[in-house]
Amino acid sequence: MIAGRVTIEDRLAIEDLYAAYVSALDERRYDDWLDLFVEDCTYRLVSRENYDRGLALSLLSFESKGMLQDRIFGIRETLFHEPYYQRHLIANFIVTPDVGAFSVQANYVVIRTKSGQLSEVYNTGRSRDRLVSTPGGLRYVERVCVFDSELIPNSLIYPI
Amino acid sequence: MIAGRVTIEDRLAIEDLYAAYVSALDERRYDDWLDLFVEDCTYRLVSRENYDRGLALSLLSFESKGMLQDRIFGIRETLFHEPYYQRHLIANFIVTPDVGAFSVQANYVVIRTKSGQLSEVYNTGRSRDRLVSTPGGLRYVERVCVFDSELIPNSLIYPI
Amino acid sequence: MIAGRVTIEDRLAIEDLYAAYVSALDERRYDDWLDLFVEDCTYRLVSRENYDRGLALSLLSFESKGMLQDRIFGIRETLFHEPYYQRHLIANFIVTPDVGAFSVQANYVVIRTKSGQLSEVYNTGRSRDRLVSTPGGLRYVERVCVFDSELIPNSLIYPI
């Protein structure tokens, strides 16, 4: 990493981070997923409509790694829900140097598969994230997923 | 850029161009989108069936940057339509050296989200584009999107 | 290629292989598709449910290039089926060095378009492949596509 620049190695390291993120989430390896965030992190899932108007209301909003851990505990233990599979595709990265590390924008689609049903488009939009370089590699400081639909899926359980 | 070769830097610059294209279009920054084309450009959106048979009939066909500007003017001012969101994912690039710069093929999917509705697959296919190197960076000389469906969506308003 | 390491050139060569795979399959250039496998190869398409439980039952299972050729012969000559178009997007690659060459995991979605119908999500999941370096470039030794849906599409004809 060279301050204020994005090298080829940086680009590939960033794509590696997203691939690890996607793999951990889609395969339900939630501890691996948590490891990709620094302690003092934020995660938001917000509709495009609210985001564009600067409204704070989010479908999911976590303001520390502890809150992410709570969500995972909820998924595993307390949240009553019908399980479903998620499959992410993230592409078309725009990387810009930022304080500490990088800002990264990308487009994503998540395909959902419920038990005994066909796969379908579940959530799509773009992410606007901030990464930081740590001794263990790149990590998420902030992740904001801005989804296109105004409809709030009535059972969004797992992070995007 | 080295004539007749595709360097790693070229590859990343090409992916950057597509990411900028996708971001501008999906976020409706149409002036930014227009900037990615040279003056003497062509843009076509054509069904796979017609394309494979060499038929000229296209769903959209623009033969200069002026015609692209007209379309944007239409989108903003004159075309009566129900707005919808588009979300592109473009992947699996095949880059070959070409006169002036590069030919690029890629697969794409566009997810559409209408107001108050769920997101759905809208248009999918491959693009076959020609890029040229300019002082401002890579630009589109020709963009041809070949979509798989024979159905012509009755309200395709925005470029793909 | 450097034993035990994944260089930038390797990464791009791997992405090139997948782009060639996708292009050959989606454009029905099946001979080009076959050329991407070594003689002694395996191909499996298996549900996530069976894969996770270590069950051998696969929707498609081919244990040599000859069996892949048989399938292509079937597609062209003997399998009675209504043709449909496929469109792959493969993204978020995780590459690890392996004996001989590389292990590659990636997420994929295939969009299907039937004649006179709209495009729709057809099959999604992840692939877990092994590649080997040959004088002609990287080739597939093993390709395993693990799809998320428990439903078996009743007319899966073409490889994924």
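Exactly one residue among C:A56, C:A101, C:A106 is at pLDDT 95 or above and touching a strand residue (DSSP E or B) at 6+ places or on another chain (Cβ under 9 Å), and that residue is C:A106. In the set (1) closer than 21 Å to B:G136 by Cα; (2) without any contact (Cβ under 8 Å) to a residue 12 or more places away in the chain, B:V6 fails one condition alone, (2). Just one of (1) of a type outside the set (V, I, T); (2) farther than 18 Å from A:G74 by Cα; (3) surrounded by fewer than 16 Cβ atoms within 10 Å (Cβ to Cβ) fails for A:S58. It is (3). Is the range A:126-134 home to any residue that is modelled with pLDDT of 95 or more, assigned to a strand (DSSP E or B), within 14 Å of chain C (Cβ to nearest Cβ) and touching an Asp or Glu at 6+ places or on another chain (Cβ under 7 Å)? Taking every residue of the range A:126-134 in turn, none turns out to be modelled with pLDDT of 95 or more, assigned to a strand (DSSP E or B), within 14 Å of chain C (Cβ to nearest Cβ) and touching an Asp or Glu at 6+ places or on another chain (Cβ under 7 Å).
Residues checked against (1) more than 14 Å from chain A (Cβ to nearest Cβ); (2) surrounded by fewer than 15 Cβ atoms within 10 Å (Cβ to Cβ):
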position: C:Y51; (1), (2): no, no
position: C:G54; (1), (2): yes, yes
position: C:K65; (1), (2): yes, no
position: C:F73; (1), (2): yes, yes
position: C:E77; (1), (2): yes, yes
position: C:F80; (1), (2): yes, yes
position: C:H88; (1), (2): no, no
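When the criteria are applied in full, C:V144 fails the requirement of being in a strand (DSSP E or B), within 15 Å of the chain's Cα centre (by Cα) and facing chain B (nearest Cβ under 10 Å). Only one of the numbered conditions (1) in a helix (DSSP H, G or I); (2) farther than 30 Å from A:V104 by Cβ; (3) free of Cβ contacts under 8 Å to residues at least 24 places away in the same chain; (4) in contact with a helix residue (DSSP H, G or I) (Cβ under 9 Å, 6 or more places away or on another chain) is not met by B:A56, and that is (1). Taken together, the criteria place C:Y122 among residues that are in contact with a strand residue (DSSP E or B) (Cβ under 7 Å, 6 or more places away or on another chain), within 14 Å of chain B (Cβ to nearest Cβ) and assigned to a strand (DSSP E or B). Could we say that A:N123 is in contact with a Pro (Cβ under 8 Å, 6 or more places away or on another chain), under 28 Å from B:K114 (Cβ atoms) and either surrounded by 23 or more Cβ atoms within 10 Å (Cβ to Cβ) or of a type outside the set (S, T, Y) (or both) here? Yes. Checking each residue in the range A:22-49 for being within 11 Å of another protein chain (Cβ to nearest Cβ), free of Cβ contacts under 8 Å to residues at least 60 places away in the same chain and in a helix (DSSP H, G or I) picks out A:S23, A:A24.
For the range A:96-115, the count of residues that are at negative phi, in contact with an Asp or Glu (Cβ under 8 Å, 6 or more places away or on another chain), basic (K, R) and not in a strand (DSSP E or B) is zero.
Filter the range A:90-116 for residues that are facing chain C (nearest Cβ under 7 Å) and either closer than 16 Å to A:L25 by Cα or out of contact with any Pro (no Cβ under 9 Å at 6 or more places or on another chain) (or both) and give the result. Passing the criteria: A:I90, A:A91, A:I111, A:T113, A:G116.
The values are calculated or read from the model by the stated rules, or taken from the named source; none is laboratory data. All values derive from a computational prediction rather than experimental measurement. Quick reminder, even Gly has a Cβ in these numbers, built from the backbone with ideal geometry, and neighbours come from all protein chains shown.
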